[in-house]
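The values are calculated or read from the model by the stated rules, or taken from the named source; none is laboratory data. Here the structure is a predicted model, which means the values were calculated and not measured. Positions of Cβ are backbone-derived with ideal geometry, glycine not excepted, and every protein chain shown enters the neighbour counts. The area values use the complete protein model at the heavy-atom level, side chains included, leaving out ligands, DNA and RNA. Shrake-Rupley method; radii C 1.70, N 1.55, O 1.52, S 1.80 Å.
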Amino acid sequence: DASASDQPQTVLVFKDGHQVEVANYAIVGSTLYDLSSGHRLKIALNDLDLSATAKQNDDRGIDFQVPSKSEAN
């Protein structure tokens, strides 16, 4: 049976070009919380290149979705 560690990780692409891989995350409002084991990290969505992040994950077969801003009123 496949454990979570067998799943490809989600890659986050930052506007400055560096990338971070996360195993588990949650998006609340305008903040992404990296919930990977061992650390808790808050990342502002404004710091991410969301289109590049979506494309990188699409290439890996991962669906990276950011809730639309209209829902966050």
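Here are some notes:
- Test: residue in segment 59-68 that is modelled with pLDDT under 90 and small (Gly, Ala, Ser): yes
- Of all residues in segment 44-55, those that are under 13 Å from Thr31 (Cα atoms) have Cβ atoms under 7 Å from Cβ atoms of residues that are aliphatic (A, V, I, L, M) and crowded, with 16+ Cβ neighbours inside 10 Å, 6 or more apart or on another chain, in Leu45/Leu32; Leu48/Leu12; Leu48/Val13.
- Within segment 31-59, being charged (D, E, K, R) and closer than 13 Å to Val20 by Cβ holds for Asp34, Lys42, Asp47, Asp49.
- The set of residues from segment 13-63 being basic (Lys, Arg) and assigned to a helix (DSSP H, G or I) comprises just one member, Lys55.
- Residues that are modelled with pLDDT under 95 and at positive phi occur in segment 25-43; there is at least one.
Every residue, every condition in (1) open to solvent by less than 50 Å² (accessible area, probe 1.4 Å); (2) at pLDDT 95 or above, yes or no:
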position	(1), (2)
His18	no, yes
Asp49	no, yes
Thr53	yes, yes
Asn73	no, no
